[in-house]
Amino acid sequence: MKNTKKVNRFRLDIWGIAGLVILITYLLFLVYPVGNILKQSFYTSELGFSIENFSKFFSMSYYSDTLFNSFKVSITATFFALIIGILLAYLFAMFDFKGKKFLRILIIIASMSAPFIGAYSWILLLGRSGVITSFLSRIFGFQMPDIYGFSGIVLVFTLQLFPLIFLYINGAFKSIDQSILEAAEGMGVTGISRFFKVVLPLLMPTVLAGALLVFMRAFSDFGTPMLIGEGYRTFPVLIYTEFISEVGGDAAFASALAVIAIVIALSIFMLQQVVSLRFAFSMNALHPVRTKKVTGIKKVLVYVASYGIVFTAVLPQLYLVYTSFQNTSGMVFQSGYSLDSYLEAFSRMGNSIFNTVRIPFFAIILVILFAVFISYLAVRRRNAVTSTIDSLSMIPYIVPGTVLGIAYLTSYNTGIGGSGILSITGTTMILVISFAVRRLPYTIRSSVASLHQISPSIEEAAQSLGSSKLNTFFRITVPMMMPGIIAGAILSWITMISELSTSILLYTVNTRTVTVAIYTEVIRGNYGIAAALSTILMIFTVLSLLLFMKVSGKDEISL
Amino acid sequence: MTLIKIEHAKKVFDNTVVIPDLNITIKEGALFTLLGPSGCGKTTLLRMIAGFNSIEGGDFSFNEKRINDQEPSRRNIGMVFQNYAIFPHLTVRENVEFGLKQRKLDKKIIRERAEKYLKLIQMEKFMDRKPEQLSGGQQQRVALARALAINPDVLLMDEPLSNLDAKLRIDMRKAIREIQREVGITTVYVTHDQEEAMAISDQIAVMKDGIVQQVGSPKSLYHRPSNEFVASFIGRTNMLNAELKHNEEGIAELHLQNDFTIPYPKLNHLDDQQVRISIRPEDFIRIEDTTSVDTFKVRIEDSVYLGLNTEYVVSLTDKHHIQVTEESSFDEDLNVGDRVHLTINTNKINVYCADGLTNLSEVK
């Protein structure tokens with residue numbers, strides 16, 4: 001009897017130890033760097049505690065205007081993304097037309113690419129010497145409106161982000177029952193009026209969730225405004241340039257900006273939580289909405305709208321694939337086609353391609369490992385420590401990538417507290433950890449969801465059959481969670497390989513990823529290499545997506 | 001075979017006492033059912049025996065060996081769950097072998113034992129299938145084989161049939177009963193379905209609010225329920241207020257409120273008092289020739305024809321409604337508003353004291 005008790009305690013310790021290890025990891029790689037930024041923003045060695053950095057930001061319109069600009073582009077882009085995304089999802093759900101599966105895959109691909117690559121391609125298409133611009137002016141003498149600045153950023157964000165809205169709403173349509181639409185029709189509410197009075201209110205919780213995600217992405221994206229914004233500076237651009245300016249950069253001021261960014265993100269997140277609570281209700285569709293056949297002019301409109309939107313969304317990607325085969329000389333595309341860009345990309349940027357596989361690979365292993373343990377602890381062994389871990393793990397969800405990058409750079413430059421311990425700046429490790437920490441929330445959510453699907457009685461059944469708790473965890477629980485985790489991990493993987501805002505701050509020549517390489521090549525004007533690398537990245541993304549579909553057995557993605 | 005003894009069991013959830021003080025002894029090889037409405041603590045008690053719920057007080061023992069502090073995995077129990085709890089990523093065979101593998105048995109023995117139990121539940125044809133290809137009933141059979149394959153000391157079943165449809169439930173309870181007899185294992189069975197409990201059990205403990213109301217065979221629970229709760233929970237019954245009085249000859253009589261009087265010499269030894277009488281619907285007898293028997297008049301308010309029986313709701317002269325069941329016949333022709341005469345099969349009634357907590361017919 002005494003013996004069993006001892007074993008018992010030891011087993012409990014394993015979960016306790018796992019919890020503590022995870023907690024310490026989060027303290028080291030999340031609480032410490034974010035706390036460090038907070039400290040830096042308020043505390044200077046000369047002045048001690050002061051709010052000077054903040055008053056500098058708010059008192060000078062040169063700085064504070066960027067915040068206003070950010071809100072302006074993010075709100076406008078969210079608005080347009082909502083309109084296009086909802087429209088497209090509505091067409092998909094209500095009407096019968098060919099090629100839906102193909103279009104859906106294209107939409108997913110469009111949503112998975114790095115926004116700044118879209119920006120760069122749109123410059124090639126609609127910029128001052130873009131193909132479409134010069135085509136229109138040569139043939140029609142038509143002058144395209146300027147794509148740089150506000151309108152260009154909004155265009156790129158909208159086209160980049162409406163696929164997310166589409167995927168969200170598309171999923172939500174599945175929970176609307178056909179009978180609800182028929183009931184509305186029975187009461188004489190049809191067509192547009194039915195959409196606004198019945199369908200849209202039912203979609204509202206999803207619309208809000210999607211809008212938040214899109215707004216946050218737009219608000220924290222830094223590559224797009226950097227490339228296409230020209231004089232139009234947004235907040236993430238300001239944070240980046242203040243930190244990496246030629247004159248050494250003002251880390252304290254950049255930290256203050258980072259703190260402002262966190263506060264804004266947090267407020268929007270909480271606002272969304274409050275608002276979505278009001279709209280929350282649950283639906284369950286026995287008979288999903290049936291698509292209708294359309295004819296005549298309506299049919300033409302449906303095809304034009306759906307194919308037109310999707311084509312516009314993938315156009316930048318397609319154009320980059322095309323230019324990757326063109327002969328180039330710097331920024332100028334020459335006549336004739338060859339694989340020169342690819343050869344050059346491999347010879348000069350070969351290590352970045354390798355890094356794009358290597359760094360996310362290590363990160364994804366960490367992500368899976370942590371996600372399995374965190375979700376298990378949070379769901380099955382709830383206590384003070386595991387709840388703290390659960391809340392901590394969600395923080396990176398709302399902290400912009402640039403902010404985390406700055407936090408990591410300033411915190412680990414000379415090790416923790418300047419001690420030399422964990423002075424990992426410039427190493428592969430810092431990139432691996434930053435990727436893992438940023439993408440963990442997604443995989444944790446998906447593993448928590450799959451764990452909730454597993455009835456505790458399955459674990460109890462294993463125990464009653466003589467299996468110890470640890471054995472049950474590895475033999476029963478983890479294998480049952482695996483499909484969900486792998487699916488979530490592949491999605492995390494895709495977002496990692498197209499990540500820019502953190503890696504642009506943390507990379508060195510040896511740890512440069514493809515996205516960083518594309519960005520630097522675009523800045524340097526090596527358009528051929530950039531196009532070739534973009535194509536390679538796209539191939540990675542498509543392959544990963546195919547893998548995801550095979551693993552999850554679905555041709556859909558829920559976010 | 002294992003004797004289960006539970007003494008002064010206590011269970012507290014978040015400062016609420018769910019089971020205050022419970023004592024049960026379960027004989028070797030018996031199929032013992034915990035029966036009660038939802039929230040009565042029956043599943044809680046079963047999970048305390050299994051080890052999935054903590055025990056706040058008392059002693060649980062298998063054959064005099066205290067198990068309170070043992071891990072569930074070391075109690076050598078077989079458990080069958082309401083939702084089957086089949087491992088979905090393992091085949092039927094692997095499910096049954098799972099427990100055997102934990103015991104580090106020889107591979108050949110594992111295979112043989114798994115096959116033996118799969119044959120017992122007639123699932124040997126489906127050995128290599130994944131659970132998702134099985135129906136609910138088949139999954140529950142596999143769960144039973146998996147639980148039995150490890151030769152457990154006790155078998156615990158938590159509402160194993162309530163996710164199955166009505167017809168399958170009856171087949172399965174027969175199968176469970178047969179297999180349990182064949183294996184001869186002490187079994188604790190939890191259900192809220194009194195018919196299922198009656199059909200399957202050697203002994204039933206009727207529970208309410210964490211307290212055992214009565215332990216007994218299905219027959220004794222039905223015919224001699226020890227209190228008003230058991231009387232109305234097992235089967236259906238009419239509870240009527242009455243007065244116990246002795247006539248001039250000292251014979252006890254029950255005076256119903258409609259002035260009908262039942263001579264009840266069994267209770268001669270008691271003082272005059274208010275009582276509650278439980279009369280099952282089938283213990284009212286319709287009398288057409290009223291000359292030889294004492295009867296009382298009722299009016300038919302409603303009737304439901306159920307094939308074997310016809311159920312009537314009738315009103316007494318004191319306006320009380322009671323339920324009466326009669327075997328149906330082709331010639332029966334009683335309509336709402338008809339007046340008929342009834343008498344009572346006094347052998348089968350139960351008399352309780354006014355608070356309904358004690359069966360006076362039982363008191364010797």
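Bear in mind that the values in this text are calculations on the coordinates, not laboratory data. These numbers were taken from a predicted model, which means no experiment stands behind them. A quick note on method: Cβ atoms are made from the backbone with ideal geometry, for glycine too, and the neighbour counts reach across all protein chains shown.
A few comments on the model shown:
- Cleavage-rule hits, trypsin sites (Lys or Arg not before Pro), the range A:56-140, DSSP coil, Cβ neighbours within 10 Å at most 11: A:Lys98, A:Arg128
- Only lysine pairs 8 or more places apart or on separate chains count here, and in the range B:86-211 those with Cα atoms under 25 Å apart total 24.
- Average other protein chain Cβ within 10 Å of Cβ, residues B:71-81: 6
- Cβ-defined net charge surrounding A:Ser503, 11 Å radius [Lys, Arg +1; Asp, Glu -1]: +1
- Length-normalised contact order for chain A - Cα pairs under 8 Å, 6+ apart - percent: 21
- Lys/Arg +1, Asp/Glu -1 at C-beta; chain A dipole; positive extreme among A:Ser276, A:Phe116, A:Gly415: A:Ser276
- For chain A, calculated [θ]222 nm from helices alone, where every DSSP H run of n ≥ 4 adds -39500 (n - 2.57): -24500 deg cm²/dmol
- Taking GluC sites (Glu not before Pro) across the range B:220-277, the ones in a DSSP loop with at most 13 further Cβ atoms lying within 10 angstrom of their Cβ are B:Glu248, B:Glu249.
- Degrees between helix B:136-149 axis and first principal axis of chain B (Cα, 0 to 90, nearest 10): 60
- Counting Lys and Arg as +1 and Asp and Glu as -1 over every other residue whose Cβ lies under 10 Å from the Cβ of B:Val142, the net charge comes to +4.
- Residue-averaged [θ]222 nm for chain B, counting only DSSP H segments that reach four residues, each worth -39500 (n - 2.57): -7000 deg cm²/dmol
- Around the Cα centre of the range A:163-221, unit charges on the Cβ atoms of Lys, Arg, Asp and Glu (plus for the first two, minus for the last two) sum to a dipole of about 100 debye.
- Label-to-label distance, nm, for residues given as B:Ile109 and B:Val336 (7 Å Cα→Cβ offset): 7.0
- Cα centroid separation, the range A:218-277 to the range A:306-330: 29 Å.
- For the range A:425-441, 3J(HN,Hα) per residue [Karplus equation, 6.51 cos²θ - 1.76 cosθ + 1.60, θ = phi - 60°, Hz, x = Gly/Pro]: 4, x, 9, 5, 4, 5, 5, 4, 5, 5, 4, 4, 4, 5, 9, 4, x
- Positive-end residue, the range B:238-353 charge dipole about Cα centroid, Cβ charges, pick of B:Leu244, B:His341, B:Asn309: B:Leu244
- Take every pair of alpha-carbon atoms less than 8 Å apart whose residues are at least six positions apart; their mean separation over the length of the range A:261-383 yields a relative contact order of 9 percent.
- For peptides A:377-390, A:458-471, sequence by mean Cβ density within 10 Å, most packed first: A:458-471, A:377-390
- Computed FRET value (nearest 0.05) for A:Val31 with A:Phe269, which takes r as the C-beta separation and R₀ as 22 Å: 0.75
- Gyration tensor verdict on the range A:64-324 (Cα atoms; rounded if a/c is under 1.5, prolate if a/b is larger than b/c, oblate otherwise): oblate
- Of the trypsin sites (Lys or Arg not before Pro) found in the range B:234-306, the ones in coil according to DSSP and having at most 14 other Cβ atoms within 10 Å of their Cβ are B:Arg236.
- Estimated FRET transfer efficiency (B:Val12, A:Phe279; beta-carbon r; R0 35 Å; 0.05): 0.35
- Relative contact order (percent, whole number), the range B:238-353, Cα cutoff 8 Å, 6+ residue spacing: 28
- The protein assembly as shown - charge dipole about Cα centre, Lys and Arg +1 at Cβ, Asp and Glu -1, debye rounded to 20: 3760
- Axis of helix B:107-120 versus longest Cα principal axis of chain B: the two differ by about 20°, to the nearest ten degrees.
- Between the amide H of B:Met79 and those of B:Leu156, distances stay under 5 Å, these residues lying 5 or more places away or on another chain, with hydrogens modeled in the peptide plane.
- Cα gyration tensor category, rounded, prolate or oblate, for the range A:44-161 with a/c compared to 1.5: oblate
- Net charge dipole, the range A:30-147: roughly 560 debye, given to the nearest 20, about the Cα centre with Cβ charges of +1 for Lys and Arg and -1 for Asp and Glu.
- The protein assembly as shown shape via C-alpha gyration tensor axes, a/c threshold 1.5: prolate
- J(HN,Hα) series, the range A:126-135, from Karplus relation 6.51 cos²θ - 1.76 cosθ + 1.60, nearest Hz, glycine and proline x: 10, x, 4, 10, x, 4, 5, 4, 6, 4
- Net charge contributed by nearby residues that have their C-beta within less than 13 Å of B:Ile300 (K/R +1, D/E -1): -3
- Other protein chain C-beta atoms within 10 Å of residue C-beta, averaged over A:464-477: 6.
- With Cα atoms as the point set, the radius of gyration and Dmax of the range B:240-364 evaluate to 15.5, 47 Å.
- Charge dipole of the range B:196-308 about the Cα centre (unit charges at C-beta), most positive-ward option of B:Asn227, B:Ala197, B:Thr295: B:Ala197
- Built amide H within the under 5 Å cut-off of A:Asp177, gap 5+: none
- Under-5 Å amide H pairs with B:Arg280, H placed in peptide plane, nonlocal only: B:Asn238
- FRET E, pair A:Arg128, A:Val21, Förster distance 51 Å, beta-carbon r, rounded to 0.05: 0.40
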